[in-house]
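Below is one structure, written out as structure tokens; the observations come after it.
Any read-out appearing in this document is the output of simple, stated calculations on the displayed coordinates, not a laboratory observation. These numbers come from a predicted model, not from an experiment. Note: ideal-geometry Cβ built from the backbone for every residue, glycine included; neighbour counts use all protein chains shown.
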Ligand SMILES: [Zn+2]
Ligand SMILES: [Zn+2]
């Protein structure tokens, strides 16, 4: 009789006997850990090489991702790199622009699975990901084993409710990463930078999805380990990376630098073009910000407002042209600055002065 009661207790409460607040906390902490594994290890470290991780960090993260998602690093990195390379085209594995937002939002995980089966894609884009003994013999070979073990462990720990905890963990990445980031992150939100895709920042505070919310910043500076860019934005993944690098367990790559200006310089040449190309997103953002500020002072339909808007568009389109020699770019930029200076707008004159002073990072380094 006593044995039966014990068995019944085990089914109801598991070995831990934890009450629901503790189980809820466990669920939130473990799902957060999965998100951190995805954003810091899979995305920033593996797919983009934006940082290096010490084995003391990368091994536990790989193990946890195997237990909690069953995703294979090489496949993940390959699909994601192709997304950046072919963004918003038919070949993009999960663009809401070509596949429809409903499909990416609700069936994002399915799109991922289809792409993961494409061995040509995985071979072509998946280079440089882990290929050690444990990867070959366990994580890749038995990719579904981890999640099965986790189910058993959690039912033992919490009783039947452990199955619910597990189900939430299983739904977390397909919902938030495959659905929300890949779908909404190319559909709805605000844009800091005019990157040549439709990426958006979903929220200025990246906590729930580890900082991945700042997807427009990410597409603009894809190799930056930090996804926030404005002072009011927060990227929790970057906070962890900073902490890890503080104790010597992570080595982040250099951040997209502030523009380097040489006050003694006053010319437009090949160096200027090189610098402007590397800062083009910052410069386009500065220009559109000053434009908006100036519009408050001048009449929207006036001749000077039109001139302003024309110059702004011209500056933007100058850098989206694919085929352009350095010489053409130098001439184009010189002509643009001459027009900006003749416009009479103080902001445009100041902007063109900045262009004359800008120097490439290579020179400053
Ligand atoms: Zn994207
Ligand atoms: Zn990316």
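Some observations on this one:
- When only Cα pairs below 8 angstrom with a gap of at least 6 residues are kept, the stretch 126-202 shows a relative contact order of 15 percent.
- Mean separation of Cα contacts under 8 Å (6+ apart) over length of the chain, as relative contact order %: 17 percent
- Projected label points at residue 131 and residue 327, each 7 Å from Cα along the beta carbon direction, are separated by 4.4 nanometres.
- When the chain is treated as a GNM with alpha-carbon contacts under 10 Å, the residue of 290, 140, 73 showing the greatest mean-square fluctuation is 290.
- Per-pair calculated FRET efficiency, R0 = 45 Å: residue 203 and residue 120 via Cβ, rounded to 0.05: 0.80
- Exposure proxy order (Cβ contacts within 10 Å, fewest to most) of 92, 262, 132, 235: 132, 262, 92, 235
- With Cα atoms, 0 to 90° folded angle of helix 145-158 axis to the chain main axis: 60 degrees
- Highest-fluctuation residue, 41, 193, 63 considered, GNM on the chain with Cα pairs under 10 Å: 63
- If you plug the beta carbon distance of residue 316 and residue 168 into 1/(1 + (r/R0)^6) with R0 = 41 Å, you get a FRET efficiency near 0.40.
- The chain - share of DSSP beta bridges that are antiparallel (%, nearest 5): 75 percent
- Full-extension gain in nm, residue 249 to residue 20, via 0.36 nm per residue minus C-alpha separation: 79.0 nm
- Gaussian network model of the chain, Cα within-10 Å springs - most flexible of 163, 338, 264: 264
- On Cα atoms only, tilt of 326-342 relative to the major axis of the chain in degrees: 70 degrees
- Comparing Cα centroids, the stretch 214-237 and the stretch 253-290 end up 19 angstrom apart.
- The chain, helix-only ellipticity at 222 nm - DSSP H runs n ≥ 4, -39,500 (n - 2.57), divided by all residues, nearest 500: -17000 deg cm²/dmol
- The stretch 150-197 versus the stretch 41-100: alpha-carbon centroid distance in Å: 14 Å
- Helix 236-246 and the longest principal axis of the Cα set of the chain meet at an angle near 90°.
- FRET efficiency, residue 2 to residue 152 (Cβ-Cβ, R0 22 Å, nearest 0.05): 0.30
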